[in-house]
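To start, the structure itself, in structure tokens.
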Amino acid sequence: MYKHFFKPLFDFILSFLGIIVLSPFFLLFTPIVAIAMRGNPFFVQERAGKKGKAFKLVKYRSMTNKKDKQGNLLPNDQRITKFGKLIRKLSLDELPQLFNIFIGQMSIIGPRPLHMKYNDRYNYTQKKRLNVKPGLTGYAQVHGRNSVTWEEKFDMDVFYVEHMSFVMDIKIFFQTIYGVLKRSGIDKQGQKVGTEEFLGTIPNVQLKEVDESDLEILLKWRSDKEVFKYLGGGFHPVDENTMKEIVDSMIRENNSGTSKRYIIMYDGCKVGFIGLYGIGKQTGVGELGVYIGEHGYQGKGIAKRACEELEIIAKQNNVGKIALKVVSENIPAVRLYNSLGYSKICTHIDEREIDGRKVNVDYMEKVL
């Protein structure tokens, strides 16, 4: 109720009141900025709104448009003026965004609107920050602002999206006022103005070809019911001799190049298994595998993070689609893959046999 009704209503009312109360300020301050910037007082740039849709964000200008001999804009710290530094410290440059809020493009509280080019650089979890309207201020801004990494900032944005409430918004609102007065988390004198460009999260996942040293961990995964909650194929343990035959077969296939079977390494720990097929031919990726640590089950949080980063590796190898099979009754696995953006394509009746009974298998896909 708050997210879909009261929050938009509050945004409209408060932004309208803010514009009315600050109208004398806007009328006086706008020509001052125009004089200080020697031209247009407003900085207008296309930013990503809700669902990644573009809108025109409006701010007061704090930088000149000085360019080098090649016609390229000079670095931020060479274009910002003393007046610009002052209004940035006081956050006065952000006030015109009240008009963006009033017409429904932004919210008072929410993840900050970023460049459109970032839309394709977010991983699956980071992209959730686009599920709500961007904000004039947000959870990340009162917990570090420019002093935290992009990944930390996006984690906080997603936390806000998933836990949004009236109480949280009130806290962020007053923390923002306190932060502006304290001038915390903003660019300090002598430091580079603004933040570094976000180029995408570097994966912590590495793929290591299966070899004989992986026999023990693969046997453990196949024999642990907790593991198979998050492996789509269902619980069907094997003995050590059979597992050795399977591993030997994988090694032969790796050497022949017919397919590639990998152990997924996450932060140096063996967390799963994957088979890649048709690399460079826009075909699929086999079962996403088992997401546990070498020293015990770690929960689906690591499953999601490893899977997201695994998709980055798949894209780098020109794999256009990830395909997997999940036993229909394996509800935890089905829910996990649904949450990661996979869709059921079809169901094969009685495809597998588990504990002496036939079970259905769902085929799921995700286009990258």
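The values are calculated or read from the model by the stated rules, or taken from the named source; none is laboratory data. These figures come from a predicted structure and were not determined experimentally. Note that we place each Cβ from the backbone using ideal geometry, even for glycine, and neighbour counts take in every protein chain shown. Protein only, heavy atoms only, side chains kept; ligands, DNA and RNA dropped before computing areas. Shrake-Rupley method; radii C 1.70, N 1.55, O 1.52, S 1.80 Å.
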Rounded to the nearest whole Å², what accessible area per residue is found for the range 323-368 with the 1.4 Å probe?
54 Å²
Proximal aspartates and glutamates to Lys3, defined as alpha-carbon separation beneath 12 angstrom and excluding residues fewer than eight positions away on the same chain
Asp11, Glu162, Asp169
Amide H to amide H under 5 Å from Tyr139: which residues, 5+ apart in sequence or cross-chain, H placed 1.01 Å off N in plane?
Gly110
Give the accessible area for Asp155 in Å² (nearest 10); use a 1.4 Å probe, count only protein heavy atoms, and leave out ligands, DNA and RNA.
70 Å²
Whole-Hz couplings from phi, Karplus 6.51/-1.76/1.60, listed for the range 58-65; x for Gly and Pro
10, 9, 6, 6, 10, 10, 7, 10
From zero up to wherever the largest Cα-Cα distance of the range 1-121 sits, split into 5 Å bins and tell me the percent of pairs in each.
2, 10, 17, 20, 19, 16, 9, 4, 2, 1, 0, 0
For the pairs Lys69/Lys133; Lys67/Lys117; Lys133/Lys325; Lys7/Lys321, flag any whose C-alpha to C-alpha distance is greater than 32 Å.
Lys69/Lys133; Lys133/Lys325; Lys7/Lys321
Accessible-area ranking of Ser256, Ser165, largest first, probe 1.4 Å:
Ser256, Ser165
Which residues' amide hydrogens lie under 5 Å from the amide hydrogen of Gly320, considering only partners 5 or more residues apart or on another chain, with H built in the peptide plane?
Gln282, Thr283
Using a 1.4 Å probe on heavy atoms of the protein chains only, the accessible area for Thr64 in Å², nearest 10, reads 30 Å²
Order by accessible surface, 1.4 Å probe, largest leading, for residues Asp239, Asp120 comes to Asp120, Asp239
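At a Förster radius of 45 Å, what calculated FRET efficiency corresponds to the Cβ-Cβ distance of Glu212 and Ile170, to the nearest 0.05? It would help to have the intermediate numbers written out before the result.
On the way: r = 59 Å, r/R0 = 1.31.
According to the calculation, E is roughly 0.15.
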In whole Hz and in residue order, list the ³J(HN,Hα) couplings for the range 349-366 that follow from phi through the Karplus curve 6.51 cos²θ - 1.76 cosθ + 1.60, θ = phi - 60°; x for Gly and Pro.
6, 6, 6, 10, 10, 10, 6, x, 10, 7, 10, 7, 10, 8, 9, 10, 9, 9
Report Leu199's accessible area, 1.4 Å probe, all protein chains in place, as a number in Å² to the nearest 10.
130 Å²
Please compute the Cα-Cα pair-distance distribution of the range 118-187 with 5 Å bins starting at 0, giving whole percents from short to long.
3, 17, 27, 25, 17, 8, 2, 0
Cross-link partners of Lys82 among aspartates and glutamates (Cα-Cα below 20 Å; sequence separation of 8 or more within a chain)
Asp93, Glu94, Asp187
Which of the residue pairs Lys208/Lys366; Lys85/Lys153; Lys53/Lys85; Lys53/Lys171; Lys127/Lys366 have a Cα-Cα distance greater than 25 Å in the structure shown?
Lys53/Lys85; Lys53/Lys171
Can you list the HN-Hα couplings for the range 172-177, worked out from phi with the Karplus curve (6.51, -1.76, 1.60; θ = phi - 60°), rounded to whole Hz and with x for Gly and Pro?
5, 4, 6, 5, 5, 4
